[in-house]
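Here's the structure, in structure tokens; my notes come after.
Derivation of every value follows stated rules applied to the coordinates shown; laboratory data play no part. Since the model is a prediction, treat every value here as computed from it, not as a measurement. As a convention, Cβ positions derive from the backbone with ideal geometry for all residues, glycine included, and neighbour counts pool all protein chains shown.
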Amino acid sequence: MNTKVLVKNRHTTGKTPDFSQYLSCFKITMPVWTFRQVPYLCAVIMDNRKVRVRFAPSPTGGLHLGGVRTVLYNYLFARHHGGDFILRIEDTDQSRFVPGAEDYIMQCLEWCGIEPDESPLKPGPYAPYRQSERKPLYRQYAEQLVRQGNAYIAFDTAEELEAMREQYKTEHHNAQYDSRTRGFMRNSLTLSPEEVNALLEKNTPYVIRIKMQPGETLVFTDMIRGAVSFDTGLVDDKVLLKADGMPTYHLAVVVDDYLMKITHAFRGEEWLPSAPVHLLLWKYLGWEAEMPLWAHLPLILKPDGNGKLSKRDGDRLGFPVFAMDWTDPRSNEQTTGFRERGFLPEAFTNMLAMLGWNSGLEQEIFSMEELVQHFSIDRVHKGGAKFDYEKAKWFNQQYIQKTDNARLAALLQPFLADKGTIDNGQLLTVIGLVKDRMHLLSEFWDQASYFFVRPETIDIAALQAKWNDKTYRFFVALAEKYAGLGEWTPAAIEAVFNELVAETGIKKGEVMLPLRIMLVGGKFGPGVFDIAAQIGSGETKERINGALARLQ
RNA sequence: GCCGUGUUGGUCAAUCGGUUAAGACGCCUCCCUUUCACGGAGGAAUGACGGGUUCGACUCCCGUACAUGGUACCA
């Protein structure tokens, strides 16, 4: 296999570029199977195969941050290397299937600006792309493994499995279905061929399990973690084909990655412990030379405490965890998404890209094109990263500031749906005035409602703090002057204001804040004269008079 | 319990064995702004612990602690 070394990694590179040397660091006394003897911890591209990666979610609910980031890294890697990005739906567990989830996942990708080259909706040469539709494919491989002696048929019922686990567990080990216990179970290893055939003829439900051979050490090179080793004696005989004829994840990923010619497989770190099963499957099926390079991505952790970020954490701490709104069709439970919270898709993906990966530059704001250009798998971190909602909002604010007003106006529409009709020209002007103080699109109305509707309440206490006969007379006069003002521009409005300040001898600071409160209701917003100009002379005068009436 | 993986400020993080250990978010101070932001200038705050290897260790090795993932006919 021709390989090309891209970059080395710092903290993990060490002085052991030679793989065999690295292995000697382990106290290994058992036979060792090594997979892909690439130089320790180097990102490798097989230069005689087109890069093909896949995102393979199971449609069981909303797509959370970790999922979107996995898609992103897949996509960035594929584009960076001019390869293909495939979406494959892993719906082998019919009991967990949730209607609408698949559609939702595809919409999320679309929102994020990630378009698969092949997917259930865009079938390529390796269709179908739903594992449920590929069901007939898998059995032959499971049976091949049985014939080869790498797998066997097991008839044990759920109760029998439970009893076995109870009986054989010890203080130091959870009982597993493995080399120590399979001899006590009802399977094609313990039963005679006649007994097995008899059971099969009676349509007894059975599964096919991989036969793990104890006493070996498995080593493979993870693109992010370097050499990872496992003791085969500690891995259980995983079910490969379920009683309903569906493959488990373990069989399905291997078969599909092989058939779909996947070259690089990215998945969450939670899969690392089952990697030995997949490695062995690739080997037993005779496909070892075509096995993809693995990359087990670090987890995204909850902001407080420890542990994997979950939907519950978002609910508890008040931030979204799903990309878009998701309603569970069974419980009707609704979960807010980043989109509906007012995130721009490019801010969302930029933020996610930086959570577990770093370009090495000081730059933090990257367009998708720049991410594609800079992304490299060897700069993905090994440790999990805590999600920080404040930083996420900062990314969004950066994008709001640099997005043009017309696009913001379009993006704002869903948030303005219940606000009555708003003139688009007026909206564009107001966006220009308030965009600097928005972190989320959903904050627009809080920041700008007074441009469109008269504030229902005003901060009367703040107003009263500055209130006296002099200020009262000032505003009565101001309202009159404004009523007669011909040219209604910020400069003209301010000029009149300044003239009156000079005439009355009042301190400008005594009346600036009151004017603001009269117009917007509180101590916030852009320049008062810009606001007055925007809402119009009649409205300005009425708001002043309204406040005056309230104060008397 | 066992196995795997990880550990630089509160958070995200840079560092190809030699640096005053970058930068960003958040926080604090000041400037700008007669509001709030934006912007600008500063500030506090970091190598889990213990051993090695080395002239020199955040970086390599070993151990400990802590965290996290797995331990299903779920993915």
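Any idea how far the Cα center of segment A:183-245 sits from the one of segment A:507-552, in Å? One Cα centre to the other: 77 Å. Per residue, the convex hull spanned by the Cα atoms of chain A amounts to 205 cubic angstrom. If R0 is taken as 60 Å, the Cβ-Cβ distance between A:Ala462 and A:Arg96 corresponds to a FRET efficiency of 0.60. Each part gets one Cα centre, and for segment A:259-294 versus segment A:311-338 those centres are 32 Å apart. Where Lys and Arg each count +1 and Asp and Glu each count -1, what net charge lies around A:Gln401 among other residues with Cβ under 11 Å from its Cβ? Charge balance near A:Gln401 sits at +1. At full extension, A:Asp315 and A:Glu162 could sit 51.5 nm farther apart than now, given 0.36 nm per residue minus the alpha carbon distance. For a Förster distance of 30 Å, can you work out the FRET efficiency between the beta-carbons of A:Ala127 and A:Glu288, rounded to the nearest 0.05? So, using R0 = 30 Å, E works out to roughly 0.70.
With 22 Å as the limit, the listed pairs A:Lys302/A:Lys435; A:Lys481/A:Lys508; A:Lys302/A:Lys393 have A:Lys302/A:Lys435 beyond it between alpha carbons.
Full-extension gain between A:Asn203 and A:Asp418, please, as 0.36 nm times their residue separation minus the C-alpha to C-alpha distance. Mind showing how you got there, number by number?
Values: separation 215, 0.36 × 215 = 77.40 nm, distance 6.03 nm.
Computed gain between A:Asn203 and A:Asp418 is 71.4 nm.
In summary, the lysines within cross-link reach of A:Lys238, defined as a Cα separation below 30 angstrom excluding same-chain residues under 8 places away, comprise A:Lys27, A:Lys135, A:Lys169, A:Lys202, A:Lys211, A:Lys261, A:Lys283, A:Lys308, A:Lys311, A:Lys382. The label-point distance for A:His381 and A:Leu234, in a model that sets each label 7 Å from Cα toward Cβ, rounds to 2.6 nm. Among residues other than A:Phe319 with Cβ under 15 Å from its Cβ, the summed charge is +1 (Lys and Arg +1, Asp and Glu -1).
Would segment A:407-456 count as rounded, prolate or oblate if I go by the C-alpha gyration tensor, calling it rounded below 1.5 in a/c and otherwise prolate when a/b exceeds b/c, oblate otherwise?
On the way: a/c = 1.27, a/b = 1.11, b/c = 1.14.
Taking the square roots of the gyration eigenvalues as a ≥ b ≥ c, segment A:407-456 is rounded.
Highest average first, the peptides A:218-229, A:189-200 ordered by how many other beta carbon atoms sit within 10 Å of their residues are A:218-229, A:189-200.
Counting only DSSP beta bridges whose two residues both lie in chain A, roughly 55 percent are antiparallel.
Got a sec? How would A:Asp237, A:Asp436, A:Asp178 order by Cβ neighbour count within 10 Å, fewest to most?
Numbers: A:Asp237 24, A:Asp436 11, A:Asp178 20.
Placing the least packed residue first, the sequence is A:Asp436, A:Asp178, A:Asp237.
Taking segment A:488-536, which trypsin sites (Lys or Arg not before Pro) meet the DSSP loop condition and have no more than 12 other C-beta atoms within 10 Å? Sites meeting the loop and neighbour criteria: A:Lys507, A:Lys523.
Stretched out fully, how many nm does the piece from A:Asn405 to A:Tyr472 gain, at 0.36 nm a residue minus the Cα gap? Intermediate values should be presented prior to the final figure.
Numbers: separation 67, 0.36 × 67 = 24.12 nm, distance 3.87 nm.
Separation in residues times 0.36 nm, less the Cα-Cα distance, equals 20.3 nm.
Packing around the peptides A:55-67, A:278-290, A:489-501, taken as the average count of other Cβ atoms within 10 Å per residue, puts them in this order, highest first: A:55-67, A:278-290, A:489-501. Remark: spin-label model distance A:Gln363-A:Tyr389 equals 3.1 nm, labels positioned 7 Å along the Cα→Cβ axis.
Rounded, prolate or oblate: which fits segment A:231-343, taking a ≥ b ≥ c as square roots of the Cα gyration tensor eigenvalues, rounded meaning a/c under 1.5, else prolate when a/b beats b/c? Prolate is the answer for segment A:231-343, as a/c is 1.5 or above and a/b outweighs b/c. The modelled label-to-label distance between A:Asn545 and A:Arg330, using points 7 Å beyond Cα along the C-beta direction, is 6.3 nm.
I'd like to compare A:452-461, A:257-266: which one has the highest average count of other Cβ atoms within 10 Å, and what's the full order after that?
Numbers: A:452-461: 13.6, A:257-266: 21.4.
Sorting A:452-461, A:257-266 by mean packing, highest first, produces A:257-266, A:452-461.
Rounded, prolate or oblate, given the Cα gyration tensor of segment A:140-253, with a/c below 1.5 counting as rounded? In terms of gyration-tensor shape, oblate. With a cut-off of 9 Å between beta carbons, the residues surrounding A:Thr248 carry a summed charge of +1, where Lys and Arg count +1 and Asp and Glu -1.
As I understand it, the dipole of chain A uses +1 on the Cβ of Lys and Arg and -1 on the Cβ of Asp and Glu, about the Cα centre. Which of A:Leu371, A:Asn405, A:Ala154 lies farthest toward its positive end? The one lying farthest along the dipole's positive direction is A:Leu371.
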